[in-house]
Amino acid sequence: MKKINYAFLILTIIAMPSTKFPQTEISNGLIHATILLPDAGKGYYRGTRFDWSGIISSLEYQGHNYFGKWFTKYSPEIHDVIMGPVEEFAPLDYDDIKPGGSFIKIGVGVVYKQDDEPYTFSRVYQLLNPGKWKIIKKSDQVLFIHDLEDKAYSYHYEKTVLLAKDKPELVLNHILKNTGSHTIETNVYDHNFFMIDKHPIGPGLVVKFPFNLKGEGVGFGELAEIQGNQISYLRPIGNGEWAECYSLKGFGPGADDYEIRIENRITGAGVKITCDQPFLKLAFWSCPTTLCPEPYIKINVDPGKEISWTIKYEFYTLTK
């Protein structure tokens, strides 16, 4: 991830383009959310890293806001100008493709491979074919449908962003059907760009799991620390600093361990994240403006078959 120039964050956000990007709003009476919609010509995000569906620029519950603009510079192709519980699928067969060929990113489309350098999300790649998007909007949900046909892989992907009835809960329902002739083997993770109440990342923010953690990484021991089943902060993260652990250990093989709680004990807001799939891998990253638990799951779909998975975000307030 790029370093954050925190001192200029406010000025940069004010200078963001005033263009009205395609978007919609949903509510269930408890939660109100603004969702940015995919559009290859005028959409807010047109990069090749993240799935274009389900970008949430604002989510409010009980006077607390959980997502927003955490970055400093904006262009629709920049890989990390992204907000909310956004997801990234690993590229399909990138290492087997020769330079000048193309590879697939689910939720993005067909992408050009310009050289034989290893794939990295931070590079700007050329999008050759964005596929076809269909969007069905209702008052409390948005269904995103992405169809892609290519000589190597084809798929039908559905993602529903739903606010549960009478619950302070956001639900992400996914269906991926393999409509091609090759098995789809990949993984997908939620980056979870939380910036609860726009509070600077530091002491008072805690990330908890139902198991004891093990892991090392950049900034751990100086900025953040692992204590039993949680990650907490030793001091505010400053300009040009970040805390990162590429691989947290301690979870078991079952889906019950996929439970993440993030709490801002200063403003009194929290969220619990669960999924019906087990962790494949668990990473963590944070900078001065956002903290991001990054849970991975495995995707394996034979031709003609489909896979489904559901992620839930339960929002709550803390008793002071």
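The values are calculated or read from the model by the stated rules, or taken from the named source; none is laboratory data. All of these numbers come straight from a predicted model, not from anything done at the bench. Neighbour counts run over all protein chains shown; Cβ positions are idealised from the backbone, glycine included. Heads up: the accessible areas ignore ligands, DNA and RNA and are worked out on the full protein's heavy atoms, side chains in. Shrake-Rupley method; radii C 1.70, N 1.55, O 1.52, S 1.80 Å.
I'm spelling it out carefully: the read-out is Cα extents along the principal axes in Å, the candidates are [x] 57, 55, 39; [y] 68, 59, 35; [z] 56, 43, 42, and one was derived from this structure. Which label?
[z]
Quick one: with all protein chains in place, what share of the accessible area of the range 170-320 is carbon or sulfur, to the nearest percent (1.4 Å probe)?
The value for the range 170-320 is 46 percent carbon and sulfur by accessible area.
Heavy-atom accessible area per residue, the range 195-320, 1.4 Å probe: how many Å²?
43 Å²
Report the local net charge at Phe220: Lys and Arg +1, Asp and Glu -1, summed over other residues whose C-beta lies under 14 Å from its C-beta.
In short, -2.
Any chance you could look up the accessible area of Arg46 with a 1.4 Å probe, heavy atoms only, rounded to 10 Å²?
We get 50 Å² for Arg46.
Enter the Cα centre distance for the pair the range 158-209 and the range 231-305, rounded to the nearest angstrom.
10 Å
Using a probe of 1.4 angstrom, how much of the accessible area of the range 21-118 is carbon and sulfur, in percent?
Roughly 43 percent, rounded to a whole number.
Please compute the per residue accessible area over the range 24-142 with all protein chains in place, 1.4 Å probe, rounded to a whole number of Å².
40 Å²
Tyr112: accessible area at probe 1.4 Å, nearest 10 Å²?
So the heavy atoms of Tyr112 present about 70 Å² to solvent.
Can you give the accessible area of Ile78 in Å² (nearest 10), computed on protein heavy atoms with a 1.4 Å probe?
For Ile78, solvent-accessible area is about 40 Å².
Rounded to the nearest 5, what % of the DSSP beta bridges within the range 208-259 are antiparallel ones?
Among the beta bridges of the range 208-259, antiparallel pairing accounts for roughly 90 percent.
Please list Lys177, Lys73, Lys98, Lys272 from largest to smallest accessible area, probe radius 1.4 Å, with all protein chains kept in place.
So the residues, ranked largest to smallest area, are Lys98, Lys73, Lys177, Lys272.
Relative contact order, percent, of the range 45-149 when contacts are C-alpha pairs under 8 Å separated by at least 6 residues?
It rounds to 24 percent for the range 45-149.
Which residue fluctuates most in the GNM of the chain (Cα springs below 10 Å): His191, His64, His182?
Highest fluctuation of the listed residues: His182.
Tell me what the chain gives for mean residue ellipticity at 222 nm when only DSSP H runs of n ≥ 4 count, each as -39,500 (n - 2.57), the sum divided by the residue total, rounded to 500 deg cm²/dmol.
Mean residue ellipticity, 222 nm, calculated: -500 deg cm²/dmol.
On a straight-distance basis, which aspartates and glutamates could pair with Lys132 in a cross-link, Cα separation under 14 angstrom, same-chain partners fewer than 8 positions away excluded?
Within the straight-line limit of under 14 Å, Lys132 reaches these aspartates and glutamates: Asp39, Asp51, Asp147, Glu149, Asp150, Glu158.
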